[in-house]
């Protein structure tokens with residue numbers, strides 16, 4: 001048979017540490033702390049809105065940018081919650097999850113040879129999609145010592161004349177780090193007069209603990225060169241609905257729309273009706289889930305620190321990112337050993353880039369009883385390591 | 001106070017230290033709040049939810065609707081007092097509707113429960129009638145789903161569906 005030819009860029013995507021690890025963690029009796037999605041079901045009134053739209057036969061294509069009524073609700077909630085103002089008609093596009101929002105943004109903004117600065121440890125899919133878009137990801141290393149924030153010094157050191165884009169993701173997956181408005185002001189000062197666009201992936205914006213979510217788009221001169229990406233998965237426990245959006249200047253949205261309307265036609269109609277209900281009546285759901293995550297977060301951080309796994313207090317998302325170097329093991333060895341001896345699955349930090357080596361990601365989007373059992377096993381594991389030394 | 005109650009409602013075994021950490025208060029404050037709730041009679045006890053169907057010689061449960069004649073002055077309190085004093089009785093509620101008291105009882109066998117109803121409940125002064133419902137299966141108790149199969153994390157089942 002004659003050979004099939006593949007896109008050459010695929011070969012440039014490094015083999016994922018995550019997949020290697022997940023291949024190990026297939027035993028169904030494993031106690032997992034590896035999932036990156038809420039444990040809550042989608043609130044019932046949101047599911048009902050989707051059912052109602054199906055019953056009413058509203059199952060046709062929508063405008064490519066999404067229902068105007070949904071875009072109006074997105075505009076309203078961003079203004080109300082985050083002091084961001086976008087015109088529903090020209091500055092918002094609804095996408096198939098924040099994932100498509102990212103992919104469409106990268107495709108729209110990047111050319112071969114461009115460099116994209118990503119903040120590491122970073123969400124796993126940024127680098128592969130940047131590579132698929134023909135550009136080169138340039139990792140900037142952040143550390144636990146300063147809460148995994150991007151510093152102006154680190155940013156300046158990474159900028160070259162090929163830099164076209166900076167990808168921010170705060171609250172951060174995997175570290176739980178957040179950036180304040182003051183932190184962003186320092187970054188904005190560097191970027192304001194440069195032709196570098198910013199993607200701000202704010203998917204965890206509703207899950208911050210004791211701090212107000214900030215966006216770099218709020219800084220003077222940044223709005224029209226920033227693409228604010230968000231979605232419904234984490235805030236409203238709607239992962240499987242695949243609904244997200246991009247907000248930016250009319251020019252940027254028009255260009256993204258050119259790609260999106262050809263590649264996707266339009267986002268899922270049923271999910272859009274669920275999304276409208278979520279934005280209109282979902283504040284209490286967010287409040288409830290955030291309260292639960294917060295209590296688990298405090299418990300997890302307290303116990304990780306007590307068992308000799310120092311952990312910067314995460315101020316957002318639902319992950320703890322403890323430093324496991326006291327075990328004397330690499331991230332991968334730590335996770336493999338924990339898996340085989342205690343049947344607990346956490347994600348090795350280097351799955352999120354080289355900067356994550358020496359850490360593991362611990363998701364607390366699980367019931368309290370589940371988390372407590374996992375912490376007990378982790379503690380026993382740590383005690384065995386200490387007694388061997 | 002409300003937060004502590006909500007946490008203990010779902011897991012009575014949380015230590016004062018765990019409560020303190022989760023609520024961002026000191027261990028002493030948590031201990032004091034729990035004590036205060038106990039003293040005020042808001043927390044009445046700490047029980048274990050048991051899936052009785054899984055243990056050998058599982059007891060038999062029944063719910064008995066009781067129609068009674070309320071007493072002058074005392075209303076339902078007098079009859080309620082006499083019912084709650086019976087050892088086989090787990091719970092007693094005053095109901096709005098077709099009957100007055102809902103009485104949940106536990107016995108070793110159906111025969112034992114039947115005898116209890118006939119001899120101890122039905123014979124009480126002011127009891128007009130009884131209507132006994134034997135419980136065939138418990139699916140959920142105090143907010144906890146008892147069947148292990150249906151408590152699986154849907155997230156993991158979807159991945160192998």
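Throughout, read-outs are computed from the coordinates displayed, never taken from laboratory work. Values in this document were obtained by computation on a predicted structure and should not be read as measured data. When we count neighbours, we look across all protein chains shown, and the Cβ atoms used for this are built from the backbone with ideal geometry, even at glycine.
Structure notes:
- Top of A:52, A:294, A:85 by mean-square fluctuation, Gaussian network on chain A, Cα under 10 Å: A:52
- Nearest-ten-degree value, helix A:331-342 long axis tilted from longest Cα axis of chain A: 60
- For peptide A:131-143, the mean count of partner chain Cβ atoms within 10 Å of a residue's Cβ comes to 0.
- Annotation for residue A:263 and residue B:156: the two label points, set 7 Å from Cα along the Cα-Cβ direction, are 3.4 nm apart.
- Whether segment A:15-124 is rounded, prolate or oblate, judged on the alpha carbon gyration tensor where a/c under 1.5 counts as rounded: oblate
- The alpha carbon gyration tensor of segment B:52-140 gives principal lengths a ≥ b ≥ c with a/c of 1.5 or higher and a/b greater than b/c, which makes the shape prolate.
- Across all directions, the average projected area of the convex hull around the alpha carbons of the protein assembly as shown is 34.6 nm².
- GNM flexibility winner over chain A from A:173, A:350, A:305 (Cα, springs under 10 Å): A:305
- Nearest-ten-degree value, helix A:250-263 long axis tilted from longest Cα axis of chain A: 80
- Which of A:266, A:335 has the fewest Cβ neighbours within 10 Å, and the rest in rising order: A:266, A:335
- Taken residue by residue and averaged, Cβ atoms of other chains lying within 10 Å of the Cβ of A:162-172 number 0.
- Using the alpha carbons alone, the radius of gyration of segment A:329-389 stands to its Kirkwood radius in an Rg to Rh ratio of 0.98.
- Computed packing ranks the peptides A:155-164, A:273-282, A:337-346 as A:273-282, A:337-346, A:155-164, most packed first, by mean other Cβ atoms within 10 Å.
- Per-residue average of Cβ from other chains inside 10 Å of A:290-301: 3
- The calculated 222 nm mean residue ellipticity attributable to helices in the protein assembly as shown amounts to -11500 deg cm²/dmol, summing -39500 (n - 2.57) over DSSP H runs of n ≥ 4 and dividing by all residues.
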